[in-house]
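The values are calculated or read from the model by the stated rules, or taken from the named source; none is laboratory data. Just so you know, these numbers come straight off a predicted model, no measurement behind them. Reconstructed Cβ throughout: ideal geometry from the backbone, glycine too, with neighbour counts over all protein chains shown.
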Amino acid sequence: MSAIETDTLHRRGLLFILSSPSGAGKTTISRMLLTADDDINLSVSATTRPRRPGEINGIDYHFVSEEKFGAMVEEDDFYEWAEVFGYRYGTPKGYIRQGLKDGRDFLFDIDWQGTQQLYQKDQQDVVSVFILPPTLAELRRRLESRAQDSEDVIDRRMDRARGEISHWAEYDYVVINDDVDECFVKVREILHAERMKRTRQTGLIPFVRELMS
């Protein structure tokens, strides 16, 4: 079938990053996006932290030992990695690079440090979105409502949140999560627009050549 006869032109995939302070909504929005969009794949991070109730190895995270994680760092096996609250998190390169060439998109639920590392290694493919809470008081309320952490841990998360929010200007897009459904709509619109960028539509060149022949 010729390029002009196809409905979908080939494009290069993208690395779609969602970041936010803990409790601001990036994980919820990520799950909504994965449910609604079959064309994006979750990039599953490796971590040294213990598995929480309900989490599945290989689905939520690749749970590895400190020794294994250290070996992967030495072998340059990560796009990015960082230490958070005493545990290490990283994005294995694996099949991602080939997937981008094949036109597949990957979703990253990572912090600003991981975003910087990923941007440095693969600038052309990164699209980054930072999700802000409407207020810090609301952010604390959300953390407390999860009933997963002690007050001391929540205090630490709030301190870290202030630091993370200070990096908002380093992102391509910033969305305030006052209403999760509205926030999701905005994030999905960003994804759709980025997919249609001319520079990402690698199939346009042969299409236009055939169109003009």
What helices (runs of 4 or more DSSP H) completely inside the stretch 92-150 contain at least 1 residues that are modelled with pLDDT of 90 or more and closer than 23 Å to Val64 by Cα? 112-121
Within the stretch 158-165, can one find any residue that is farther than 28 Å from Gln113 by Cβ, over 15 Å from the mean Cα position of the chain (by Cα) and surrounded by 13 or more Cβ atoms within 10 Å (Cβ to Cβ)? no
Which ones in the stretch 22-46 are crowded, with 18+ Cβ neighbours inside 10 Å, among the hydrophobic types (A, V, I, L, M, F, W, C) and over 18 Å from Tyr89 (Cβ atoms)? Ile29, Met32, Leu33, Ile40
Restricting attention to the stretch 85-115, and to residues there that are within 14 Å of the chain's Cα centre (by Cα) and of a type in the set (Asp, Glu), which single residue is nearest to Thr199 (Cα to Cα)? Asp105
For Val185, indicate whether it is in a helix (DSSP H, G or I), among the aliphatic types (A, V, I, L, M) and either modelled with pLDDT of 95 or more or within 21 Å of Ala82 (Cα to Cα) (or both). yes
Filter the stretch 73-98 down to the residues that are buried (at least 16 other Cβ atoms within 10 Å of the Cβ) and among the small types (Gly, Ala, Ser) and list them by number. Ala82, Gly90
